[in-house]
Structure formats: structure tokens, C-alpha cells
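Enquirer: Mind looking over this structure? Questions follow.
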Amino acid sequence: MVKSEAVFWVFSRHFFESYFRKELHMECKKDNNLASCNCSYEPCARKGICCDCISYHIKSRQLPGCCFPADAEKTWDRSFEHFARLVGEKRV
């Protein structure tokens, strides 16, 4: 990883964690979020809690399942690279 990528990922992680957890102080709309959550991982404790989901996946260089079409989400490949391939195929 080149230095600029490392700086980007550190910034991204900090941004998401501080933006969603500390600065907004907004009420979680879990019930509303669940209606559009297409995560097929059944034991997931973060379903509907978007700030937790995003923080969890970003730490692993992934995007949450809601960023993917249903068939692609079911592969559980949430990587940035998989997302980029889908964008290239105009599926996202």
C-alpha cells in the first residue's frame, strides 16, 4: 500500500467513526433501516444499525451488503474490488 492509500484509509475510518458516532448524535432508525437491509448473513448483530455496519466493513476494506445487488450480496464478497467489478459491468 502506498502512503497516499494509507492516509486515505486512516482518514476514511476516522471520518465514518466520528461522523456516525460522535458528531451526529442522531436517533437510530433501525426499524426503517431493516426494511432496506438486504444482508443475507443471518447471525449478523448489526442488521439495521447502519453506523455499526459501515464501521465494521470499512475496517476490513469492504462495503456493507446494501451497496450490492441481491445476487452479488449473497456471495458475501463485500470487497471494494468486487464492488468495482460490478460498477465496471454497470450492475451498480
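The values are calculated or read from the model by the stated rules, or taken from the named source; none is laboratory data. Note that the structure is predicted; figures quoted are calculated from it, not measured. Don't worry about glycine lacking a Cβ; one is built from the backbone with ideal geometry, like all the others, and counts go over all protein chains shown.
Enquirer: Does the stretch 43-67 hold any residues that are surrounded by 16 or more Cβ atoms within 10 Å (Cβ to Cβ) and of a type in the set (G, A, S), and which are they?
Expert: G48, S55, G65
Enquirer: N32: in a helix (DSSP H, G or I), surrounded by fewer than 17 Cβ atoms within 10 Å (Cβ to Cβ) and at pLDDT below 95, yes or no?
Expert: Details: in a helix (DSSP H, G or I): yes; surrounded by fewer than 17 Cβ atoms within 10 Å (Cβ to Cβ): yes; at pLDDT below 95: yes.
Taking the combined requirement at face value, the residue satisfies it.
Enquirer: For the stretch 68-81, name all the residues that are surrounded by 18 or more Cβ atoms within 10 Å (Cβ to Cβ) and not small (G, A, S). Don't jump to the end; show me each part of the working.
Expert: To start, the set of residues in the stretch 68-81 that are surrounded by 18 or more Cβ atoms within 10 Å (Cβ to Cβ) comprises 68, 72-73, 78.
The answer is F68, E73, R78.
Enquirer: Hey, another quick one. Could you figure out which of (1) on the phi > 0 side of the Ramachandran plot; (2) out of contact with any strand residue (DSSP E or B) (no Cβ under 7 Å at 6 or more places or on another chain) isn't true of N38?
Expert: Exception for N38: condition (1).
Enquirer: Which of the residues that make up the stretch 1-29 are in a loop (DSSP other than H, G, I, E, B) and either modelled with pLDDT under 60 or aliphatic (A, V, I, L, M) (or both)? Spell out how you get there, then give the answer.
Expert: So in the stretch 1-29, the residues in a loop (DSSP other than H, G, I, E, B) come out as 1-2, 24-29.
Passing the criteria: M1, V2, L24, M26.
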